[in-house]
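No lab work stands behind these numbers, since they all come straight from the coordinates. What you are looking at is a predicted structure, and each value in this text was computed from that prediction instead of being measured. Here the Cβ is made from the backbone with ideal geometry for all residues, glycine too, and neighbour counts use every protein chain on show.
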Amino acid sequence: MEKFNKLTAVAAPMPLVNIDTDMIIPKQYLKTIQRKGLGKNLFAEMRYNDDGTEVEDFVLNQPAYRNAEILVAGDNFGCGSSREHAPWALLDFGVRCVISTSFADIFHNNCFRNGILPIEVSPEDLSKLMEDAERGANATISIDLEAQEIRGPDGGVIHFEIDHFNKHCLLTGLDEIGLTMKKEDKVAEYEETRKMQQPWL
Amino acid sequence: MGTPRTLYDKIWDSHVVDQLEDEAYILYIDRHLVHEVTSPQAFEGLRVAGRKVRRPDATFAVADHNVPTKDIEKGITDPESKLQVDTLEANTAEFGIPYFSMTDDRRGIVHIIGPEQGLTLPGMTIVCGDSHTSTHGAFGSLAHGIGTSEVEHVLATQTLVQEKAKNMRVTVSGDLPPGVTAKDIALAIIGKIGTAGGTGHVIEYAGDAIRALSMEGRMTLCNMTIEAGARAGLIAPDETTFEYIKGRPYAPKAGTYEQAVAYWKTLNSDEGAYFDTEVELDASELIPYVTWGTSPEDALPITGSVPAPSDFADEGKRGAAERALKYMGLTAGMKLSDIEVDHVFIGSCTNGRIEDLRAVAKIVEGKKVKDTVNAIIVPGSGLVKIQAEDEGLDKIFEAAGFEWRQPGCSMCLAMNPDKLAPGDRCASTSNRNFEGRQGQGGRTHLVSPAMAAAAAVTGHLTDVRDLG
Ligand code: SF4
């Protein structure tokens, strides 16, 4: 997994609330057996017309936002299906950070497993950042994960919270499975005890 | 006696293997269900790293999302769908994981066959790369959806790195009036707390109305918990639960069964246990629900009208309502019961069980599906199909003009040949009315099986209580 530390990039505004994972990556693209290549299908049904041409006023089709690496989005981002194809598609498009007032739990977890930083901010801070993002390519936003800070184009700083474990995983690009496998003894010990207590399992 | 604990606390405590750091724990997973859509990249990850599946015996796989519900004997024609299902079959063979093939009578939607086979038991931790894993919480097991990276983590280690969620209790008191079902309770709750209302929580359902529900009804309710934003829903196991489990193929056998029941009886929230959030609902006041928009929280009693964007105080919600009305092709103020449908879909892991099909048969027996409506019924599993046919339900459905299909996810998410065309409007017993969920441009109204049956007969959303 790619590490995340600092990022300065254009942020695309998506004020819609309840952006679900079916919107982020529609089901017809879930038939892949790979992780890569989903970026072109990100937000497909909002982004393309039926004939495959681009929907002009969709935010990521506008010249200012084609290279956006940050999304500033409405409440409850990533709700619905558990599909990890959603963060894979975001990542493949180039998005490394999503800012919202809240995230659905499974999506939130999936982001951390893929080097994407989901940041939760207050409704006031979100409207400020939404305004910043609406200014387009000239208004980049900077994220500093170590310091837990978002810096707006006018220099204003917003502090954000993140739990230690997820922060550590992102900063180091940790292989979580490898980490757990080091605890093999404990898992085996747990299994032994359980076999005695609940033999039906 | 220590501090009183909730049911969630108890299951959590009994599965902690180790604490990694502050809030992060290694949690042991008792049962891992696997399907074709969210697992290929996980198996690939194992292969690349040279890792094995730690407990194939605690893992179980079936293909459901891509499986056609017609002429299954002829196989899958869509090459991508076929590749995904073939990949699952190859992966389960390579890693030694039990698997029900596409022609096995016991196959079906993963969340239907888990309980049906006795793979789902009280007090277990259960995961699957699918958000509706919350269904299994109906048995008092901690069950939730995970992403594909987590699927790989569980395959390799039989554990998951987790942070503990908060406790929420939803108490539903009183008796459900006739014509009102578990699905209506679910929609009423989501309408009340919103699709983000349960975020960060595990919801325990309690109260007389919940105790009175069958296992099927409890599964419907827990299934929809994810639509309220909570990863898992829980119902403390009781005699109804034990009765359901007894004798199922993977359930504990005589001898250990009694021992298991004795343990299961300890699985309930202690008196005085702390809940971060409490929600209360009076079942006796409920009316059948329908959704009008593109989020499950857009739920209203059938006696209501389509709201206007200006009815919402929040700016984001106003925008979402405007967009939803446009997508759904509805005008504010129109009566919900005036909305005409051209499709009816009965099935899915929410409402594809035998009790759901019986409820439909009761409504449609001796009646006809309106000629403007295309109506399909898709049993949740091969065994549900056989049971329904033994009871003669298929005859009632076909006589009424329904199509009777083979099991699968079907039109719940249109990854298989069953889908809506742009502009089609469907009364559906599934769980999500998101844009494009049942087919690009398709319009979904979520309802209970009885309400779907009523809509099939009249051709519009209908209060099932008015149908003689
Ligand atoms: S029936 Fe629908 S919600 Fe359930 S597992 Fe299948 S696609 Fe998912």
- Counting only residues in the stretch B:118-130 that are within 16 Å of the ligand (Cβ to nearest atom) and of a type outside the set (Ser, Thr, Tyr), the one surrounded by the fewest Cβ atoms within 10 Å (Cβ to Cβ) is identified as B:Leu119
- Message: I'd like to know if the stretch B:162-171 contains one or more residues that are farther than 21 Å from B:Cys349 by Cβ and at the interface with chain A (Cβ under 8 Å from one of its Cβ atoms).
- Response: yes
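When you scan the stretch A:171-186, do you find a residue that is within 12 Å of chain B (Cβ to nearest Cβ), of a type outside the set (Asp, Glu) and in contact (Cβ under 8 Å) with a residue 60 or more places away in the chain, even just one? Don't jump to the end; show me each part of the working.
Start the filter on the stretch A:171-186 by keeping residues that are within 12 Å of chain B (Cβ to nearest Cβ), which leaves A:174-186.
Filter once more, keeping what is of a type outside the set (Asp, Glu): A:174, A:177-183, A:186.
Checking which are in contact (Cβ under 8 Å) with a residue 60 or more places away in the chain leaves us with A:174.
Yes, the stretch A:171-186 has at least one match.
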- Taking the stretch A:187-201 only, how many residues are facing chain B (nearest Cβ under 10 Å) and charged (D, E, K, R)? 3
- State all residues of the stretch A:46-61 that are within 11 Å of chain B (Cβ to nearest Cβ) and surrounded by fewer than 19 Cβ atoms within 10 Å (Cβ to Cβ); if no residue qualifies, say none. A:Tyr48, A:Asp50
- Item | Filter result (away from the ligand (no atom under 16 Å from the Cβ) and assigned to a loop (DSSP other than H, G, I, E, B)) within the stretch B:402-417 | B:Phe402
- Note on the structure: Note: among B:Ser348, B:Ser305, B:Ser310, just one is within 16 Å of the ligand (Cβ to nearest atom) and either free of Cβ contacts under 8 Å to residues at least 40 places away in the same chain or within 14 Å of chain A (Cβ to nearest Cβ) (or both), namely B:Ser348
- Message: Pairs please, first residue from the stretch B:314-343 and under 17 Å from A:Pro15 (Cα atoms), second anywhere and acidic (Asp, Glu), Cβ atoms under 8 Å, 6+ apart in sequence or on different chains.
- Response: B:Gly316/A:Asp75; B:Ala321/B:Asp298; B:Ala321/B:Asp311; B:Ala324/B:Asp298
- among the hydroxyl-bearing types (Ser, Thr, Tyr), more than 9 Å from chain A (Cβ to nearest Cβ) and away from the ligand (no atom under 16 Å from the Cβ), is that true of B:Thr135? no
- Given the residues B:Ala421, B:Ala399, which is the only one that is surrounded by fewer than 18 Cβ atoms within 10 Å (Cβ to Cβ), within 14 Å of another protein chain (Cβ to nearest Cβ) and either assigned to a helix (DSSP H, G or I) or away from the ligand (no atom under 16 Å from the Cβ) (or both)? B:Ala421
- Note on the structure: Within the stretch B:377-396, the residues that are touching a Phe, Trp or Tyr at 6+ places or on another chain (Cβ under 6 Å) and not acidic (Asp, Glu) are B:Ile377
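Return a yes/no flag: does the stretch B:165-173 have any residue that is among the β-branched types (Val, Ile, Thr) and more than 29 Å from B:Ala427 (Cα to Cα). Before the answer, list the steps.
Taking the stretch B:165-173 and keeping what is among the β-branched types (Val, Ile, Thr), we get B:170-172.
In the following step, the residues that additionally are more than 29 Å from B:Ala427 (Cα to Cα) were identified as none.
Within the stretch B:165-173 (the criterion being among the β-branched types (Val, Ile, Thr) and more than 29 Å from B:Ala427 (Cα to Cα)), the answer is no, since none of the residues qualifies.
Can you name the residue in the stretch A:74-94 that is buried (at least 24 other Cβ atoms within 10 Å of the Cβ) and more than 16 Å from the ligand (Cβ to nearest atom) and is also nearest to the other protein chains (Cβ to nearest Cβ) among such residues?
So in the stretch A:74-94, the residues buried (at least 24 other Cβ atoms within 10 Å of the Cβ) come out as A:75-90.
This time we only want the ones that are more than 16 Å from the ligand (Cβ to nearest atom), so: A:75-78, A:87-90.
Values: A:Asp75: 6, A:Asn76: 4, A:Phe77: 10, A:Gly78: 10, A:Pro87: 8, A:Trp88: 8, A:Ala89: 13, A:Leu90: 13 Å.
Going through the qualifying residues, I end up with A:Asn76.
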- Task: Just give me the residues in the stretch B:284-293 being crowded, with 21+ Cβ neighbours inside 10 Å, touching a Ser or Thr at 6+ places or on another chain (Cβ under 8 Å) and not in a strand (DSSP E or B), in sequence order.
- Result: B:Pro288
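Among the listed residues A:Ala68, A:Ala64, which satisfies the condition of being of a type in the set (Gly, Ala, Ser) and either within 11 Å of another protein chain (Cβ to nearest Cβ) or under 14 Å from the mean Cα position of the chain (by Cα) (or both)?
Working: A:Ala64 fails: either within 11 Å of another protein chain (Cβ to nearest Cβ) or under 14 Å from the mean Cα position of the chain (by Cα) (or both).
The conditions single out A:Ala68.
Anything in the stretch B:362-382 that is in a helix (DSSP H, G or I) and either without any contact (Cβ under 8 Å) to a residue 40 or more places away in the chain or within 16 Å of the ligand (Cβ to nearest atom) (or both)? List them, or say none. Reasoning before the result, please.
First, the residues of the stretch B:362-382 that are in a helix (DSSP H, G or I): B:362-364, B:382.
The one that is in a helix (DSSP H, G or I) and either without any contact (Cβ under 8 Å) to a residue 40 or more places away in the chain or within 16 Å of the ligand (Cβ to nearest atom) (or both): B:Gly382.
Just to verify a result, which residue in the stretch B:426-468, among those that are part of a helix (DSSP H, G or I) and in contact with a Pro (Cβ under 8 Å, 6 or more places away or on another chain), is nearest to B:Gly352 (Cα to Cα)? Please lay out each step first, then the result.
To start, the set of residues in the stretch B:426-468 that are part of a helix (DSSP H, G or I) comprises B:449-458, B:464-466.
Cutting the leftovers down to in contact with a Pro (Cβ under 8 Å, 6 or more places away or on another chain) gives us B:450-451, B:464-465.
On the way: B:Ala450: 12, B:Met451: 14, B:Val464: 19, B:Arg465: 22 Å.
Among residues in the stretch B:426-468 that are part of a helix (DSSP H, G or I) and in contact with a Pro (Cβ under 8 Å, 6 or more places away or on another chain), the one nearest to B:Gly352 (Cα to Cα) is B:Ala450.
When you scan the stretch B:64-74, do you find a residue that is touching a Phe, Trp or Tyr at 6+ places or on another chain (Cβ under 9 Å) and within 13 Å of chain A (Cβ to nearest Cβ), even just one?
No, there is no match, as no residue in the stretch B:64-74 is touching a Phe, Trp or Tyr at 6+ places or on another chain (Cβ under 9 Å) and within 13 Å of chain A (Cβ to nearest Cβ).
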- Item | Residue list for the stretch B:449-468, restricted to those being among the hydroxyl-bearing types (Ser, Thr, Tyr) and touching a helix residue (DSSP H, G or I) at 6+ places or on another chain (Cβ under 8 Å) | B:Thr462
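Looking only at the stretch A:1-24, count how many residues are within 11 Å of another protein chain (Cβ to nearest Cβ) and closer than 29 Å to B:Glu227 by Cα.
Residues of the stretch A:1-24 that are within 11 Å of another protein chain (Cβ to nearest Cβ), as a first pass: A:1, A:14-24.
Pick out the ones that are also closer than 29 Å to B:Glu227 by Cα and you get A:14-24.
Going through the stretch A:1-24 one residue at a time, the tally reaches 11.
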- Message: Out of everything in the stretch B:403-415 that is over 18 Å from B:Leu446 (Cα atoms) and surrounded by 24 or more Cβ atoms within 10 Å (Cβ to Cβ), what residue ends up being nearest to the other protein chains (Cβ to nearest Cβ)?
- Response: B:Met415
- Sort out which residues of the stretch B:424-446 are closer than 17 Å to B:Gly293 by Cβ, more than 13 Å from chain A (Cβ to nearest Cβ) and either of a type outside the set (A, V, I, L, M, F, W, C) or without any contact (Cβ under 8 Å) to a residue 60 or more places away in the chain (or both), and write them in order of number. B:Asp424, B:Arg425, B:Ser428, B:Arg443, B:His445
- Considering only strands (runs of 3 or more DSSP E) fully contained in the stretch B:148-251, which possess at least 3 residues that are away from the ligand (no atom under 16 Å from the Cβ)? B:159-163, B:166-173, B:201-206
- Does any residue of the stretch B:258-277 turn out to be within 13 Å of another protein chain (Cβ to nearest Cβ), more than 23 Å from B:Leu234 (Cα to Cα) and not in a loop (DSSP other than H, G, I, E, B)? no
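Test of understanding: among B:Tyr244, B:Tyr250, B:Tyr263, B:Tyr257, which residue is within 27 Å of B:Lys166 (Cα to Cα) and hydroxyl-bearing (Ser, Thr, Tyr)?
Working: B:Tyr244 fails: within 27 Å of B:Lys166 (Cα to Cα); B:Tyr250 fails: within 27 Å of B:Lys166 (Cα to Cα); B:Tyr257 fails: within 27 Å of B:Lys166 (Cα to Cα).
On inspection, the qualifying residue turns out to be B:Tyr263.
Conditions tested, residue by residue: (1) surrounded by 15 or more Cβ atoms within 10 Å (Cβ to Cβ); (2) within 12 Å of chain B (Cβ to nearest Cβ).
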| residue | (1), (2) |
| --- | --- |
| A:Phe103 | yes, yes |
| A:Ile106 | yes, yes |
| A:Asn109 | yes, yes |
| A:Asp125 | yes, no |
| A:Gly136 | yes, no |
| A:Ala147 | no, no |
| A:Ile150 | yes, no |
- Hey, B:Thr133 buried (at least 24 other Cβ atoms within 10 Å of the Cβ) and not in a loop (DSSP other than H, G, I, E, B) or not: yes
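Among the candidates B:Tyr244, B:Tyr250, B:Tyr205, single out the residue that is surrounded by 24 or more Cβ atoms within 10 Å (Cβ to Cβ), more than 9 Å from chain A (Cβ to nearest Cβ) and among the aromatic types (Phe, Trp, Tyr).
Numbers: B:Tyr244 fails: surrounded by 24 or more Cβ atoms within 10 Å (Cβ to Cβ); B:Tyr250 fails: surrounded by 24 or more Cβ atoms within 10 Å (Cβ to Cβ).
That would be B:Tyr205, the only listed residue that is surrounded by 24 or more Cβ atoms within 10 Å (Cβ to Cβ), more than 9 Å from chain A (Cβ to nearest Cβ) and among the aromatic types (Phe, Trp, Tyr).
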